[in-house]
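**Student:** I'd like to ask some things about the structure below.
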Amino acid sequence: MFQFIFLFFIIHGLSASYGVFFKSLESDFNCGRTVISGVHSLAFILTGLASIAAGRLTDSVGPRVVISVGGIALAVGFSLLSRADFAWQLYLFYGLIVGSSISVANVPLLTTLSRWFINKRGLITGIAKTGTGLGILGMPLLATHLIANYGWRASYLVFAGIALIGVIPLAQFLRRDPSQKGLEPYGENAGANTVSPLFSGGLVLRQAIHTRQYWTVAAICFLFWYCMHSVMVHIVPHAIDIGHSPFQAATIISIVGGISIPGRVIIAGSSDRIGARRALLICSLIMISSLCWLYFARQLWQLYLFAFVYGFSHGGYAAIVSPLVAELFGTKAHGSLYGLITAFGTGGGAIGPLIAGKIFDISSNYDPAFLILITASVIAFFLTASLRPITDLKD
């Protein structure tokens, strides 16, 4: 389990720090927030597209090779980024290389966990995803310290070293499924079960795409990631704009990361008892309330309270989707199924920050962008409420 936690910690921590670099990149490259947001958006588009390939490769060759290659590419991307002189190089080095590399985190790791655990799958996923919360808690603060003392270029070089020495060694401990060690999945014979899929062992991709549930889950992911990554990219510059220090602004992200840890364990763990759909509904309500609060928040304590409430839902959502896919469609082709859904989700994660940046460039504030986030989260709630088990379908 430790390798999953640490891999999530490293990869997602590095990714979540982009907002901390935002103001430095905007200043040094002398461009608007639409341009800097676009770098992150391109990265997420390519994360999604690469997740499809990463999922299929995990199904076939296993996570060890996939994540090792991703770790090397991540280190190369950050190294090149530290030497960027033009805005187009940000798109190439971060958007293309780093963005594609991040795909080795969620899909390969969560697919592997889904194959190793049947009983307590939600709880185990939540525990593993605490690594993401720890990464969001620690890496932005580390980045803030490095930027303040050494500049953003040296900071990205340090990130390259972390990726190289952290990801590749840990990947060597991973195996595709228990059979490679002569074991059975935990809970295989314990009578533990979730919603039974229509086909023994689960649906493959060509079967799942003909169900309404599959595209509903994809739409939910699109909307959630739209909200989540708009917040993670723009909350730091927003806080600085309204008068708070860079360190105070970075602390907002760290609070999100810290509170996301119990969110991941509690929300995902509850899915073992109440089902993933109901757990996601609870998560949706919490996110809606936090985004409504953000619209009015201006004082530092108000932003911290937002981070506290939002962070719980952020962590819960990130941990619940993989068990939801396994619950609805089984694990036979979990990598391919989850990879395509992730691609849709990252589409939202790409578009959201870009739109928020464009809105700021036009209006010089984020209020219209926050209203869009509230609307998207409400739609995601109703889509989640509409989900039904595949065996209940009549069509």
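**Student:** Go through the stretch 53-94 and count every residue that is in contact with a helix residue (DSSP H, G or I) (Cβ under 9 Å, 6 or more places away or on another chain) and either among the polar types (S, T, N, Q) or not in a helix (DSSP H, G or I) (or both). If you could, list the steps in order and put the result at the bottom.
**Tutor:** Here is the first cut: in the stretch 53-94, the ones in contact with a helix residue (DSSP H, G or I) (Cβ under 9 Å, 6 or more places away or on another chain) are 53-60, 62-84, 87, 89-94.
The next check asks that each one be either among the polar types (S, T, N, Q) or not in a helix (DSSP H, G or I) (or both); those that pass are 58, 60, 62, 68, 79, 82-84, 89.
Result for the stretch 53-94: 9.
**Student:** Can you name every residue in the stretch 210-222 that is open to solvent by 30 Å² or more (accessible area, probe 1.4 Å) and in contact (Cβ under 8 Å) with a residue 60 or more places away in the chain?
**Tutor:** Restricting attention to the stretch 210-222, the residues satisfying the condition of being open to solvent by 30 Å² or more (accessible area, probe 1.4 Å) are 210, 212, 215, 219, 222.
Residues satisfying the conditions are Arg212, Ala219, Phe222.
**Student:** What number of residues in the stretch 343-385 are in a helix (DSSP H, G or I), open to solvent by 10 Å² or more (accessible area, probe 1.4 Å) and not hydrophobic (A, V, I, L, M, F, W, C)?
**Tutor:** Here the count works out to 7.
**Student:** Quick one: which of Phe78, Phe44, Phe21 is crowded, with 21+ Cβ neighbours inside 10 Å, of a type in the set (Phe, Trp, Tyr) and farther than 20 Å from Leu142 by Cβ? Reasoning before the result, please.
**Tutor:** Values: Phe78 fails: farther than 20 Å from Leu142 by Cβ; Phe21 fails: farther than 20 Å from Leu142 by Cβ.
Only one candidate passes the filter, namely Phe44.
**Student:** For Leu300, state whether it is closer than 17 Å to Cys227 by Cα, in contact (Cβ under 8 Å) with a residue 40 or more places away in the chain, aliphatic (A, V, I, L, M) and open to solvent by 10 Å² or more (accessible area, probe 1.4 Å). Spell out how you get there, then give the answer.
**Tutor:** Details: closer than 17 Å to Cys227 by Cα: no; in contact (Cβ under 8 Å) with a residue 40 or more places away in the chain: yes; aliphatic (A, V, I, L, M): yes; open to solvent by 10 Å² or more (accessible area, probe 1.4 Å): yes.
No, not satisfied.
**Student:** With (1) touching a Ser or Thr at 6+ places or on another chain (Cβ under 6 Å); (2) open to solvent by 10 Å² or more (accessible area, probe 1.4 Å) as the list, and Gly99 as the residue in question, which single condition is left unmet?
**Tutor:** The one condition Gly99 does not meet is (2).
**Student:** Another one. Can you tell me which residues in the stretch 309-327 are open to solvent by 10 Å² or more (accessible area, probe 1.4 Å) and over 15 Å from the mean Cα position of the chain (by Cα)?
**Tutor:** Val309, Glu327
**Student:** Tally the residues that are polar (S, T, N, Q) and open to solvent by 10 Å² or more (accessible area, probe 1.4 Å), restricting the search to the stretch 4-18.
**Tutor:** Just the residues of the stretch 4-18 that are polar (S, T, N, Q), to begin with: 15, 17.
Cutting the leftovers down to open to solvent by 10 Å² or more (accessible area, probe 1.4 Å) gives us 15.
Number of matching residues: 1.
**Student:** In the stretch 30-72, what count of residues is obtained for those that are modelled with pLDDT under 80, over 23 Å from Leu90 (Cα atoms), of a type in the set (Gly, Ala, Ser) and over 18 Å from the mean Cα position of the chain (by Cα)?
**Tutor:** Result for the stretch 30-72: 2.
**Student:** Tell me, yes or no, whether the stretch 232-250 has at least one residue that is part of a helix (DSSP H, G or I), surrounded by fewer than 24 Cβ atoms within 10 Å (Cβ to Cβ) and of a type in the set (Phe, Trp, Tyr).
**Tutor:** The answer is yes; a qualifying residue exists.
**Student:** Give just the number: which of (1) at pLDDT below 90; (2) crowded, with 24+ Cβ neighbours inside 10 Å; (3) on the phi < 0 side of the Ramachandran plot does Arg277 not satisfy?
**Tutor:** Checking Arg277 against (1) at pLDDT below 90; (2) crowded, with 24+ Cβ neighbours inside 10 Å; (3) on the phi < 0 side of the Ramachandran plot, the one that fails is (2).
**Student:** Can we say Leu92 is open to solvent by 30 Å² or more (accessible area, probe 1.4 Å), among the aliphatic types (A, V, I, L, M) and at pLDDT 90 or above? Give the derivation first.
**Tutor:** On the way: open to solvent by 30 Å² or more (accessible area, probe 1.4 Å): yes; among the aliphatic types (A, V, I, L, M): yes; at pLDDT 90 or above: yes.
So Leu92 passes the test.
**Student:** Report whether or not Val256 is under 19 Å from Lys129 (Cα atoms), open to solvent by 20 Å² or more (accessible area, probe 1.4 Å) and in contact (Cβ under 8 Å) with a residue 24 or more places away in the chain.
**Tutor:** So Val256 fails the test.
The values are calculated or read from the model by the stated rules, or taken from the named source; none is laboratory data. These figures come from a predicted structure and were not determined experimentally. No Cβ is skipped: glycine too gets one built from the backbone with ideal geometry, and neighbour counts run over all protein chains shown. These area figures cover heavy atoms from the full protein model, side chains too; ligands, DNA and RNA do not enter into them. Shrake-Rupley method; radii C 1.70, N 1.55, O 1.52, S 1.80 Å.
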